[in-house]
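In what follows, a structure is listed as C-alpha cells, so that the remarks can point back to it.
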Amino acid sequence: MKMNIFEELQKRQLIAQITNEEEVKNLINAGKAKFYIGFDPTADSLHVGHFMALCLMKRLQMAGNTPIVLIGGGTGHIGDPSGRSDMRSMMTKEMIDHNCECFKKQMERFIEFGEDKAIMLNNADWLLKLNYVELLREVGACFSVNNMLRAECYKQRMEKGLSFLEFNYMIMQAYDFYYLNTHHDCNLQFGGDDQWSNMLAGSDLIRKKTGRDAHSMTITLLLNSQGKKMGKTASGAVWLDKNKTSVYDFYQYWRNVEDADVLKCIRMLTFLPLDEIEKMENLKGAELNQAKEILAYELTSLVHGEDEAKKAQASAKALFVQGGDDSNMPTTKIETNENEISVIDILIQCNLTQSKGEARRLIQQGGVSVDEEKINSIDYKVPIEKLKEGIKIKKGKKIFHKAII
RNA sequence: GGGUAGAUGCCCGAGUGGCUAAAGGGAGCAGACUGUAAAUCUGCCGUCAUACGACUACGGUGGUUCGAAUCCACCUCUGCCCA
C-alpha cells in the first residue's frame, strides 16, 4: 500500500508542530489543502533553509495539494525578529524588489506554476497599500499585546531590545494569512519552526475575524548534532545560486557533514524512498562515507541538475581518490604582466586567502601545494609557461583550485 | 521627559594614562592523527613588509597630555529604572 503524504512527512521527521493534527492530516492526504509558505527576500538568492520549504511544497504538490508561494515584498520592509538577537539591517525598496526577482527565478525551477498548479503572490501588493488607522481598526483589536510579548520568538529580543517596527512583523504575517484565506481560499500555512508564533497569530486572527479554521504546521529546523542551524559556513549561508556558492562547493558542503547528521539530512532533504534510507541506517563508521556521497549527489542534483551533480561528483572523486581530473575545479584567471608570478599572489587572486600575510603563513605551515608538490618557500614563483596550461593549487586538505592565465 | 549603565578586534569579553596590536574564551585557518567524519594535540589568527619595522584600530567628533581604549566636552546608538 502506498504511504500517504502525512505519514511520509512524519517518517521523515519533518513535522514539528501542528495546530490540529487530525484536520491537517485529512486535508493534505485528500489533496484538499491550499497552503502557503512565505519567503522574505532577505538576500539575492535562496539558501538551504528555503530549500527545505520548497521541498515540502513539492511533496505536497505531488500529493495533489495546491501551493501558494508568498514572496515577502511587503514584510521584507519590516524584518522578522523571530529568534534573532539583533535587529536586521533595513533594506531599501530597490534591494527588496531585486531580491524578489531573484527568488522568483530560482523557485520556478522547483515548483510548477500555472493554471491549477502553484501560484505566486507578493504581499507587497496588499501590505504596502494598508492605511494605518484602518488596519488598526480592522485587526488591531484581535491582538493581545500581553500574549505577543510572551511569544517565544521575541524571547531573545526582550533582553537586547525590540523595536516597534519589528514587533509588528507578527501582525503583518498574520494579516497575510488572513488575506490569503479570504481572497484565495488558503486554508493552511507551513513554515520553519521558528515561525510558529507568527503562524499561530495568523490562525487566531482568521478565527476571530471569520470564525473559520485555518491551520498551521511547522517543519523541523535542520540542526546539526551540536544544535546549530545547518546550511551555514563561516563565510555565510550555503546558497542555491551557483554564482554565490559554486556547484563544487555545494557538493562538498554535504559531502563533509558530520557522521551524526548524514541520515537526518538524507531523510529530511532528499526524495529518496524511505525503505532505501532505512537500509542506510545500518552503515557504521567509515561506511557512512557512502551515505555522504549519496546525500551530496542527491542534493546537488536537485538544486543544480543531474549533469552538474555528476560533474561535481566526478571532480571530487578524481581529486580525493587519485588527484587527476581537474576539469570541473573552480578556476581563476590570473592577471600579470611579469613572466613569472609568486604563489602568494596567486593565492590572493584566487581568493584562497584574504591577505598576503595569511598566504605567507599558510605556506610556512605547509598548507599549500602546487600540482601535488608541497611548497616550502614563500618566494616560490610560477613561470608563465606553466600557468598557460593551468596549475592545480591545493590549500589545506580539501580545497582545490585551478589557476590559469 | 528624568535617572542610570554601557558601546573594545569576526563574536563574546578583560583592560581605567605609558609595560597594549590590546588578557581569556569561542569561531576560523594550517599541521599531526583519521574515513574528505568527530574528538584530541601543536602552531597561527589587524594590514603591509623576507626581516628591521611601518601603518591602521577600542561608537563618532573635538580637546587635555611628552604620551589616551583609558581623562574632559559634545554627539550618535543601546539596555535598565522612573514617568
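The values are calculated or read from the model by the stated rules, or taken from the named source; none is laboratory data. Please read these numbers as outputs of a predicted model, since none were measured by experiment. Neighbour counts are summed over all protein chains in view; Cβ atoms, including those assigned to glycine, are modelled from backbone coordinates with ideal geometry.
Given the conditions (1) surrounded by fewer than 19 Cβ atoms within 10 Å (Cβ to Cβ); (2) modelled with pLDDT of 95 or more; (3) touching a strand residue (DSSP E or B) at 6+ places or on another chain (Cβ under 9 Å), report the number of the one that A:A30 does not fulfil.
All conditions are met except number (3).
Of the residues that make up segment A:181-189, is at least one under 23 Å from A:D44 (Cα atoms) and either in contact (Cβ under 8 Å) with a residue 12 or more places away in the chain or not charged (D, E, K, R) (or both)?
No, every residue in segment A:181-189 fails to be under 23 Å from A:D44 (Cα atoms) and either in contact (Cβ under 8 Å) with a residue 12 or more places away in the chain or not charged (D, E, K, R) (or both).
Within segment A:275-285, take every residue that is more than 14 Å from RNA strand B (Cβ to nearest atom) and in a helix (DSSP H, G or I) and give me the one that is surrounded by the most Cβ atoms within 10 Å (Cβ to Cβ).
Of everything passing the filter in segment A:275-285, A:I277 is surrounded by the most Cβ atoms within 10 Å (Cβ to Cβ).
Quick check on my filter: what residues within segment A:190-227 are touching a residue at least 40 places away in the same chain (Cβ under 8 Å) and β-branched (V, I, T)?
Within segment A:190-227, A:T218, A:I219, A:T220 qualify.
Of all residues in segment A:150-190, which are within 16 Å of RNA strand B (Cβ to nearest atom) and loosely packed, with under 12 Cβ neighbours inside 10 Å?
Once the filter is applied, which keeps residues that are within 16 Å of RNA strand B (Cβ to nearest atom) and loosely packed, with under 12 Cβ neighbours inside 10 Å, segment A:150-190 yields A:M158, A:E159, A:K160, A:G161, A:F164.
So for segment A:228-247 (the condition being without any contact (Cβ under 8 Å) to a residue 40 or more places away in the chain and buried (at least 19 other Cβ atoms within 10 Å of the Cβ)), does at least one residue qualify?
Checking segment A:228-247: at least one residue is without any contact (Cβ under 8 Å) to a residue 40 or more places away in the chain and buried (at least 19 other Cβ atoms within 10 Å of the Cβ).
Does any residue of segment A:394-402 turn out to be more than 11 Å from RNA strand B (Cβ to nearest atom) and closer than 21 Å to A:Y248 by Cα?
yes
Of all residues in segment A:366-384, which are touching a residue at least 40 places away in the same chain (Cβ under 8 Å) and out of contact with any helix residue (DSSP H, G or I) (no Cβ under 8 Å at 6 or more places or on another chain)?
If the condition is that a residue be touching a residue at least 40 places away in the same chain (Cβ under 8 Å) and out of contact with any helix residue (DSSP H, G or I) (no Cβ under 8 Å at 6 or more places or on another chain), then A:E372, A:P383, A:I384 are the ones that fit.
Which residue out of A:Q17, A:Q10 is without any contact (Cβ under 8 Å) to a residue 24 or more places away in the chain and under 24 Å from A:C265 (Cβ atoms)?
A:Q10
With respect to the numbered conditions (1) aliphatic (A, V, I, L, M); (2) at pLDDT 95 or above; (3) under 21 Å from A:A33 (Cα atoms), which one is the sole condition not fulfilled by A:M107?
For A:M107, the exception is condition (2).
Go through (1) hydrophobic (A, V, I, L, M, F, W, C); (2) assigned to a loop (DSSP other than H, G, I, E, B); (3) over 30 Å from A:F143 (Cα atoms) one by one and return the number of the condition A:C186 breaks.
(3)
What about A:K264, is it outside any loop (DSSP other than H, G, I, E, B), within 16 Å of RNA strand B (Cβ to nearest atom) and closer than 24 Å to A:F190 by Cα?
Spelling it out, A:K264 is indeed outside any loop (DSSP other than H, G, I, E, B), within 16 Å of RNA strand B (Cβ to nearest atom) and closer than 24 Å to A:F190 by Cα.
Mind counting the residues in segment A:89-117 that are among the hydrophobic types (A, V, I, L, M, F, W, C), surrounded by fewer than 14 Cβ atoms within 10 Å (Cβ to Cβ) and within 21 Å of A:V303 (Cα to Cα)?
Selection size over segment A:89-117: 1.
Tell me, please, whether a residue that is more than 24 Å from A:F39 (Cα to Cα), out of contact with any strand residue (DSSP E or B) (no Cβ under 9 Å at 6 or more places or on another chain) and more than 16 Å from RNA strand B (Cβ to nearest atom) can be found in segment A:248-260.
No, segment A:248-260 has no match at all.
Restricting attention to segment A:155-175, does a residue exist that is in contact (Cβ under 8 Å) with a residue 12 or more places away in the chain, closer than 18 Å to A:A33 by Cα and in a helix (DSSP H, G or I)?
No, segment A:155-175 contains no residue that is in contact (Cβ under 8 Å) with a residue 12 or more places away in the chain, closer than 18 Å to A:A33 by Cα and in a helix (DSSP H, G or I).
For (1) over 20 Å from the mean Cα position of the chain (by Cα); (2) part of a loop (DSSP other than H, G, I, E, B); (3) crowded, with 19+ Cβ neighbours inside 10 Å, each residue gets a yes or a no:
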site	(1), (2), (3)
A:E8	yes, no, no
A:D44	no, yes, no
A:M52	no, no, yes
A:L56	no, no, yes
A:L60	no, no, yes
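Yes/no per residue for (1) within 23 Å of A:M3 (Cα to Cα); (2) within 14 Å of the chain's Cα centre (by Cα); (3) at pLDDT 90 or above:
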{"site": "A:Q226", "(1), (2), (3)": "no, no, no"}
{"site": "A:K229", "(1), (2), (3)": "no, yes, no"}
{"site": "A:D241", "(1), (2), (3)": "no, yes, yes"}
{"site": "A:V262", "(1), (2), (3)": "no, no, yes"}
{"site": "A:I266", "(1), (2), (3)": "yes, no, yes"}
{"site": "A:L272", "(1), (2), (3)": "yes, no, yes"}
{"site": "A:M280", "(1), (2), (3)": "yes, no, yes"}
{"site": "A:A286", "(1), (2), (3)": "no, no, no"}
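Only one of A:L205, A:L221, A:L200, A:L272 is more than 28 Å from A:K317 (Cα to Cα), part of a loop (DSSP other than H, G, I, E, B) and among the hydrophobic types (A, V, I, L, M, F, W, C); which?
A:L221
Is there any pair with a first residue in segment A:255-275 that is in contact (Cβ under 8 Å) with a residue 12 or more places away in the chain and a second that is basic (K, R) and away from RNA strand B (no atom under 13 Å from the Cβ) whose Cβ atoms are under 7 Å apart and which are 6 or more apart or on different chains, and what are they?
So the pair list comes out as A:R267/A:R12; A:M268/A:R12; A:L274/A:K11.
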